[in-house]
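Asker: Just passing along the structure, written as structure tokens.
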Amino acid sequence: MIVFDLICRDGGHQFEGWFGSSSDYESQQAAGLIDCPTCGCTAVDKAVMAPNVAMKANQRNQTPVVSGEANDGLSAPAEKVKPAAKAVAVPAEYQELVTKLAKAQAKMLEKSEWVGGNFPEKARAIHYGEENDTPIHGTASEDDVAELEDEGIDVMPLPLPVTPPDAQN
């Protein structure tokens, strides 16, 4: 089962919908089978939502970062983002921007190697010439990122979350 936050276009009422899969949602929406429980409107869209997924204890305080030729010089650690308490309708321009950003990040990571929690060690090995200079991405704590920057190693936070290859379906 998958749960989506939904919002009706007419009244802006937000509600939850449970579906067997994303394709079930798509087919039900296309058939006009989803309606707002408050006003009955069938013009319903997915609302922006930030999933609250607990991380394993050994993965807390980890920030996805990237190093290598894809780095654009930004090196500030990612700020902690708090999920919104109430989802709202998102303008089409914003949705388009996020889609473009996701495509750009995916293209950047195509030639980058996932190194997971070994990111600080691998970035140091590349920086000091112990390994080939190749783009890498993985996770690092804020302290690790600060130490890498102090050593003159260029890193940058990724703009969007990355699912580790071993955690993908």
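Asker: Under a 5 Å amide H to amide H cut-off, with H placed in plane at 1.01 Å, what residues pair with M156 once short-range neighbours are removed?
Answerer: V66
Asker: Hey, another quick one. So between Y94 and D143, what do we pick up on full extension, going 0.36 nm a residue minus the alpha carbon distance?
Answerer: Gain in length upon complete extension: 14.4 nm.
Asker: Something else about it: For segment 138-153, take each phi angle, set θ = phi - 60°, evaluate the Karplus expression 6.51 cos²θ - 1.76 cosθ + 1.60, and give the result in whole Hz per residue in order, putting x for glycine and proline.
Answerer: Ordered by residue, 3J(HN,Hα) equals x, 10, 8, 6, 4, 5, 4, 4, 4, 5, 4, 5, 4, 7, x, 8 Hz.
Asker: Tell me which residues come under 5 Å, amide H to amide H, from W114 once H is placed; ignore anything under 5 positions away on its chain.
Answerer: Those lying under 5 Å, H to H, from W114 are H137.
No value in this document is a laboratory result; all are computed from the given coordinates. Since the structure is predicted, the reported quantities are computational estimates derived from the model, not experimental observations.
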